[in-house]
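Asks: Sharing a structure below in structure tokens format, with a few things to ask.
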Amino acid sequence: MLRIIFTLGCFIFLTTFAFAQSAWTQPKGGGFAQLGLTSIPKYSSIYTQDGESFNTSREISDKTIQLYGEYGIRDKTTIILAVPLKIVQAGDSSDVADLPISIQDGTLFGFGNIEIGVRQKLYSGKFELSVQVKGELGTGSFDQPTGLRTGFDTWGLQSLISIGTGIDDGYVFGYVGGGFRTGSYSSYFKTGLEGGYTFFDRVTLAVFLDVLTSFKDGNRFDPIQNIETGLYLNDQQYVAYGFKVLGQITDLIGVSAAFGGAASGNLVPRSPSLNLGVYAKWE
């Protein structure tokens, strides 16, 4: 049971909330599927590079309904799919705007960046070691009058190396890697750490830290309307943290909840993310 808990999808937070980073793979024929809702409530403040922030001209909200799945095609090889549906909204005028209103109110509904990946186990013993590669499809959309965007305007590729181990009823794993995107976006470095403990064989509590740093080697200029909403901008970076709770209801079905926030960032919303999900797993 603990092995499956290790590979639950992490609800991530400020980017497209999407990919599990763990070192564990699904057994051959085994799988995991999750339907989750992630919400960044209304925000009107965006982090800037110097640790300061600026206030948007309208209140922005960002919700994601995501289907996430893993399937073991071999004992050491797991394929991964994440399909996000986004609902982003520019609402009422902000009372503390730093810029004149240049975007309209409105709502944009569409796919985020669909992600397809594979995780390959490299070593299994006292610890688990794996490598994960994912492709990011350019399936997002943009509405210039409202400045709303549902995903990065690009295709991308990310690779991570993950290492983890179990300690009694607990676990810990870390990962490091990076990625690049087309469309003159900057490439980036990514690292993080997660640890958790299972109580009563049914409830797992976990904490996580996730860091994304831009190399700032791209020359993309985002439209000013898009900058006002803070959605999927070039050179985004953050130090994010949070916790999650996983509850196993039956051998097949479970529920999950998570909270994520940012200690610092650049061109990302200054607002936490709230997450709920229901999942099924099988071997």
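Asks: Which lysines, if any, have their Cα less than 21 Å from the Cα of residue 76, not counting same-chain residues under 8 positions apart?
Replies: Within the straight-line cut-off, residue 76 pairs with 28, 121, 126, 134, 281.
Asks: List the trypsin sites (Lys or Arg not before Pro) within the stretch 108-173 that DSSP assigns to loop and that have no more than 11 neighbouring Cβ atoms inside 10 Å.
Replies: Listed in order of number, the matching sites are 126.
Asks: Let me ask you something else. Under the Kirkwood approximation for Rh and a Cα-based Rg, what ratio Rg/Rh is obtained for the chain?
Replies: A ratio of 0.98.
Asks: Suppose all protein chains stay in the model; what accessible area per residue would a 1.4 Å probe give for the chain, in Å²?
Replies: Result: 42 Å² per residue.
Asks: Treating only the Cα positions of the stretch 97-205 as identical point scatterers, give the base-10 log of I(q)/I(0) from the Debye formula at each q in 0.12, 0.13 Å⁻¹.
Replies: Result of the Debye calculation: -0.66, -0.73.
Asks: Mean separation of Cα pairs under 8 Å and 6+ residues apart, divided by the residue count of the chain: what relative contact order is that in percent?
Replies: 19
Asks: Which percent of the Cα-Cα distances in the stretch 24-170 go past 23 Å?
Replies: Looking at the stretch 24-170, the distances longer than 23 Å represent 52 percent of pairs.
Asks: Per the 1.4 Å probe, what fraction of the accessible area of the stretch 24-64, in percent, lies on carbon and sulfur atoms?
Replies: Solvent-exposed carbon and sulfur of the stretch 24-64 make up 48 percent of the total.
Asks: In addition: When the chain is fully extended, how far beyond the present Cα-Cα distance does residue 168 get from residue 131, taking 0.36 nm per residue of separation?
Replies: 10.9 nm
Asks: Return the tail of the calculated pair distribution for the stretch 152-283, meaning the percent of Cα-Cα pairs more than 26 Å apart.
Replies: 36
Asks: Further question on the same structure: Kirkwood hydrodynamic radius, computed over distinct alpha-carbon pairs, for the stretch 28-67: how many Å, to one decimal?
Replies: When all Cα pairs of the stretch 28-67 are included, the Kirkwood radius is 13.0 Å.
The values are calculated or read from the model by the stated rules, or taken from the named source; none is laboratory data. Keep in mind it's a predicted model, so treat the numbers as computed, not measured. Heads up, the Cβs are rebuilt from the backbone with ideal geometry, glycines too, and the neighbour counts pull from every protein chain shown. Accessible surface is based on the protein model in full, side chains and every heavy atom, while ligands, DNA and RNA are left aside. Shrake-Rupley method; radii C 1.70, N 1.55, O 1.52, S 1.80 Å.
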